[in-house]
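Only one structure is covered here, and it is reproduced in the block below.
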Amino acid sequence: MSIKELGKAFEPAEAEKRLYAYWLKNKFFHAQDKSEKPAFSIVIPPPNVTGILHMGHALNNTLQDVIIRFKRMQGCNTLWMPGTDHAGIATQNVVEQQLAREGTSRHALGREKFIARVWEWKEKYGGVIIDQLKRLGCSCDWDRERFTMDEGLSQAVREVFVKLYNEGMIYQGDYIVNWCPRCHTAISDLEVEFKSDASFLWNIRYPYEDGSGGIVVATTRPETMLGDTAVAVHPDDPRYKDKVGKFVILPLMNKKIPIIADDYVTMDFGSGAVKITPGSDPNDFAMAQRHQLEIISILDGEGIINEHGGPYRGQDRYEARKNVVADLEKQGYLVGTEPYEHNVGQCYRCKTDIEPMVSKQWFVKIKPLAQKAVAAVTKKKTRIVPSSWEATYFDWMNNIRDWCISRQLWWGHRIPVWYCGDCGKVIVSTVDPDRCPICDGASLAQDEDVLDTWFSSSLWPFTTLGWPKRTQALKTFYPTSLLITGFDILFFWVARMMMMGLYVMKDVPFKDVYLHALVRDEKGEKMSKSKGNSIDPLVMIDRYGADAFRFTLVAYTAQGRDVRMSPERIEGYKFFVNKIWNAAKLTLTNIADFDENAPLEAGQTLPDQWIRTKAAEAVQDVTQCLDEYRFNDAAASLYRFIWHEYCDWYLEASKPALYGKLSGEQRRVTQKTLRDVFGVMLRLLHPFMPFVTEELWQALHAGEGESIMVSRFPEAETSWINRDAEREMEMLMEIITAVRNIRGEMRIAPSMKLKVLICAADNAQKKAVDEGADYLVNLANLESLQVEVDLVEPKGVATAVVGSHRIFVPLEGIVDIAAEKSRLEKELAKISKDLEQSSRKLANRDFRHKAAPEVISKEEDKLKSFQEKYATLEGALKKLKEIAS
RNA sequence: GGGCGGGUAGCUCAGCUGGAAGAGCGCCACGCUUACACCGUGGAUGUCACAGGUUCGAGCCCUGUCCCGCCUACCA
């Protein structure tokens, strides 16, 4: 066969570019809408168009690509659906900042022009991340790339909105929502991040209307008192029983407000009385609804006190706080101030303190949707991996509140609702109406708001496949097979996709969900720009190659555990890539002259049989690990097989055959094994290290073969497994290690050839060693090897025991006997510990009665071998002492 | 306040349904043996957080305690 020559080292930068282009050119990533093959599909968690690749993306997409390549090689019609989302707030922010630098604003531009500007920006800078995913090696079906604001997806959003509306699942109303005064929009409960803040608890006295003293309330937000419309106490509180129904005077505002009773109030907190500000607190808002209280909003959309704030009008909320406190103090209403730590909600986007505010918003009735989403997981229609996340999922779903889906932004899917200026009719439609269906008036105005970005993301698994059209792709690939994403968007995205998939498609969006952990730095801290500890994936790819980088991520992805990343770790796997490269060089140069067609006369050598067994095991193991999403275990298995089995032992053991020390026939058999096993190895490794494996696969086939991408993933060849050969080879390996150990401990130069004598227990044992003699001589660097059944132990030797073999290395003239004495003593100490432990166990009557028979016989075998080993070593030591004395 | 995960070799972590404590990196010693010094060979290192319990037997199961992360929550 002809083989391509390999360079001194793998050149990732050049090879990655070339190979990715080759894959693209041949459309290997492309999935068929219709196919005989079983379908396998994953939709990408769409990154923000504004996004640039960070470690989280790198991990997430590497895992997806591993599974996708694995399934593709297994013969599935495999679709990895890529795309980006429009990220309402983030994208709008970016363009607004750009406008600000130009000295203008979106308001100056107007809605239409602004949106045009955002599109312009998107075309120019958006989706950088797509190219970055390509650098990672992602084998997405790029021909199908989607964007949440695409024509088709936008239409789908309207369809779903209208369906929900018509079925009474969407409503509009004035409710208290989380308002971001900087982004100028409502956000959902999920988009609020709570941060603990060291502040104060201000105690304020509200005098009773009749002048008979007052009631003290505590607050962390004194400025909100301007909008107080009641004071609440617990109905059972004896202190206030007779006060309920009476009135207090709201200080500063000089206004009468009632004292009400509600069991929301905790009696033993503070004074047991709470000020109620329905316009600025969700709990107070709820109470206001229960008691028909007046609801006053004292803040405008910017967080500035409005006309309802009396003298404080025009002041920023924090400025107003200071002034209110000062005035209360001045007028004698402030009873006390104590330091207090509490949680403050912030906008997840801009970290501005959230202002709970009453405004008109659109909501989705979520309970009915959530119930079905819970049932789907209970019934295992969707499986969450690791399953420990199920509890979190259930908990959230069961305590869910209606979803506020309207946003006061310009960039996004505009709500498909129109209001007739003539008759007031509300029109909800999938197509833009020209005229009012009731009065035929033409003065229609569309709702100003857009939808939460997550609304369109929640439809992603089917809209990307063409819905609302009943496309072939949809038929083939929905429900998708698997979703891989970070646990941090379990609620934001996974849960909502579950709800929407079930609602719209009447089926779950995916069968499996694999949730991976976060990437942290080597100290376990979250990576962030401000901390300066973030690692740029692209820099890592440039420095170490995509293969090494990917393998590192996979190797550290244990279920339910964070990934700790550092350049040093990636470097370690770069060394692994180098090792593979060099093993390939050795392998390929030695099989270059292998003639496939000539019949093989000789049988396989022991190492041949052994490495085939190990290869079959590795295939089995890696396949199972991937099936179970145990990524780190798969990586470890590959690492061990390639480095410690193939390179350390098999390549070394096959050298005699390759370098012509064995017969030509034997050489050809070994060549065949090399070629077979090496091919298996490459294919097994390909999902993890796509580039170097492709490069080597091409070399193996002299550039004439098909891509490794579309080759068949290895299946465990049971015919390759030979347990006898495995056992025999491993026995030889142990003997070799024992001799090397003596060499190392005795400080015998590696270059010095040794004479070794082995005393075998019987003829069968002797034969086994004799058969491996060549390997032994070679790998232990021996001058001679003598194996006998009745060997009288020579004098002045170093001794080791492997199984029932006693191994002697004559030391005369090589080292001093004292060194061997101390080595033996050390060994004896070790073995006597084992011996003692084992015999104590076996002496225990309960153990003999209650333990499983196979456990007992195993223990007995152990004891026996300990005893033999002990006796041999002890004898050897005694002899040495005789010589020494 | 509730929930989840974790505490195993100097470091980062494996350890599946209880049956001789493992890997990688780091460390020490020796070695440029014709794939690889991005390497090879050998070596050292552990009260498996703590205290009880179940069991013939516990890193693994149960109870409690102490730390460390994370998620979640309307106590002013």
Which of the aspartates and glutamates could be linked to A:LYS8 by a straight reach, that is with a Cα gap under 16 Å, when you skip same-chain ones fewer than 8 residues away? A:GLU695
Once you've got the Cα coordinates, tell me which of A:LYS195/A:LYS351; A:LYS243/A:LYS275; A:LYS753/A:LYS826; A:LYS833/A:LYS878; A:LYS821/A:LYS879 are over 18 Å apart. A:LYS753/A:LYS826; A:LYS833/A:LYS878
Percent RCO, i.e. relative contact order, over the range A:722-815, from Cα pairs under 8 Å lying at least 6 residues apart: 35 percent
May I ask you to order A:60-67, A:185-192 by the average number of other C-beta atoms within 10 Å around their residues, highest value first? A:60-67, A:185-192
Quick one: which of A:410-421, A:433-444 comes out on top by average Cβ neighbours within 10 Å, and what's the full order, highest first? A:410-421, A:433-444
Output the pairs from A:LYS34/A:LYS379; A:LYS134/A:LYS469; A:LYS113/A:LYS475 with a Cα-Cα distance over 32 Å in this structure; if there are none, say none. A:LYS113/A:LYS475
Given H placed on each backbone N at 1.01 Å, which residues far from A:TRP403 in sequence or on other chains put an amide H within less than 5 Å of it? A:VAL364, A:ILE366
Please name whichever of A:CYS140, A:PRO794, A:THR670 sits farthest to the positive end of the charge dipole of chain A, dipole taken about the Cα centre and charges placed at Cβ: Lys and Arg +1, Asp and Glu -1. A:PRO794
Could you tell me the distance between the Cα centroids of the range A:691-735 and the range A:248-284, to the nearest Å? 75 Å
Calculate, in nm to one decimal, what A:GLU319 and A:ASP861 gain on full extension: separation in residues at 0.36 nm each, minus their alpha carbon distance. 186.9 nm
Quick query: amide H of A:ASN77 versus all other amide H atoms, modeled in the peptide plane; which residues come in under 5 Å with a sequence gap of 5 or more or a different chain? A:ALA39, A:PHE40
Cross-link candidates for A:LYS766: which aspartates and glutamates have Cα within less than 12 Å, leaving aside residues fewer than 8 places away along the same chain? A:GLU728, A:GLU788, A:ASP790
At what distance in nm do the modelled label points of A:LEU518 and A:GLU652 sit from each other, each positioned 7 Å from its Cα along Cα→Cβ? 4.4 nm
About the Cα centre, charge dipole magnitude for the range A:185-356 (Lys/Arg +1, Asp/Glu -1 at Cβ), debye: 400 debye
How far is helix A:389-398 tilted, in degrees, relative to the longest principal axis of the Cα atoms in chain A, given as a value from 0 to 90 rounded to the nearest 10? 10 degrees
For A:GLY214, the residues 5 or more places away or on another chain with a placed amide H closer than 5 Å to its own amide H are A:TYR208
Please identify every one of the chymotrypsin sites (Phe, Trp or Tyr not before Pro) in the range A:345-393 that sits in a loop by DSSP and has no more than 14 other beta carbons within 10 Å of its own beta carbon. none
How many angstrom separate the Cα center of the range A:302-361 from the Cα center of the range A:152-223? 14 Å
Report the antiparallel proportion of the DSSP beta bridges in chain A as a percent, rounded to a multiple of 5. 70 percent
I want to check the label-to-label distance for A:GLN172 and A:ALA818. Put each point 7 Å from Cα in the C-beta direction and report it in nm to one decimal. 9.8 nm
Just to be sure I follow: if Rg is taken over the C-alpha atoms of chain A and Rh is the Kirkwood radius over the same atoms, what is Rg/Rh? 1.11
In debye, nearest 20: dipole of chain A around its Cα centre with unit charges on the Cβ of K, R (+) and D, E (-)? 480 debye
Residue separation between A:GLU209 and A:GLN289 times 0.36 nm, minus their alpha-carbon distance, gives in nm 26.4 nm
A correct Karplus calculation of ³J(HN,Hα) over the range A:94-108, with 6.51 cos²θ - 1.76 cosθ + 1.60, θ = phi - 60°, whole Hz and x for Gly and Pro, returns 4, 6, 5, 5, 4, 4, 4, 5, 8, x, 10, 8, 5, 5, 5
What translational D, rounded to a whole number of µm²/s, comes out for the range A:227-384 from Stokes-Einstein when the hydrodynamic radius is the Kirkwood one over Cα pairs, at 10 °C and 1.306 mPa s? 86 µm²/s
How about the range A:801-885: which GluC sites (Glu not before Pro) there are in a DSSP loop, with at most 12 other Cβ atoms within 10 Å of their Cβ? A:GLU812
Cα centroid distance between the range A:643-690 and the range A:97-136, in Å? 55 Å
Rounded to the nearest 0.05, FRET efficiency between A:LYS881 and A:LYS755 (Cβ-Cβ, R0 25 Å) equals 0.65
Roughly how large, in nm² to one decimal, is the mean projection of the convex hull of the alpha-carbon atoms in the range A:722-815? 5.6 nm²
Between A:THR352 and A:ARG182, what length in nm is gained on full extension when 0.36 nm per residue of separation is reduced by their alpha carbon distance? 60.5 nm
Could you work out [θ]222 nm for chain A from helices alone, using -39500 (n - 2.57) per DSSP H run of at least four and dividing by all its residues? Round to the nearest 500 deg cm²/dmol. -13500 deg cm²/dmol
³J(HN,Hα) computed for each position of the range A:65-73 - Karplus, 6.51 cos²θ - 1.76 cosθ + 1.60, integer Hz, glycine/proline x: 5, 4, 5, 4, 5, 4, 5, 4, 5
Per-residue HN-Hα couplings for the range A:571-580 [Karplus 6.51, -1.76, 1.60; θ = phi - 60°; Hz; x = Gly/Pro]: 4, x, 7, 5, 5, 5, 4, 4, 4, 4
Any aspartates and glutamates whose Cα falls less than 12 Å from that of A:LYS71, other than same-chain ones fewer than 8 residues away, would be A:ASP627
Count neighbours as other Cβ atoms within 10 Å of each site's Cβ, and list the GluC sites (Glu not before Pro) in the range A:692-757 that are DSSP loop with at most 10 such neighbours. A:GLU704
Would you work out which of A:LEU164, A:MET752, A:ILE591 lies farthest towards the positive end of the dipole of chain A? Charges go on Cβ: Lys and Arg +1, Asp and Glu -1. A:MET752
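Bear in mind these aren't lab numbers, they're just calculated from the coordinates by the rules spelled out. Because the structure is predicted, anything quoted here is derived from the model rather than measured. Backbone-built Cβ (ideal geometry, glycine too); neighbour counts: all protein chains shown.
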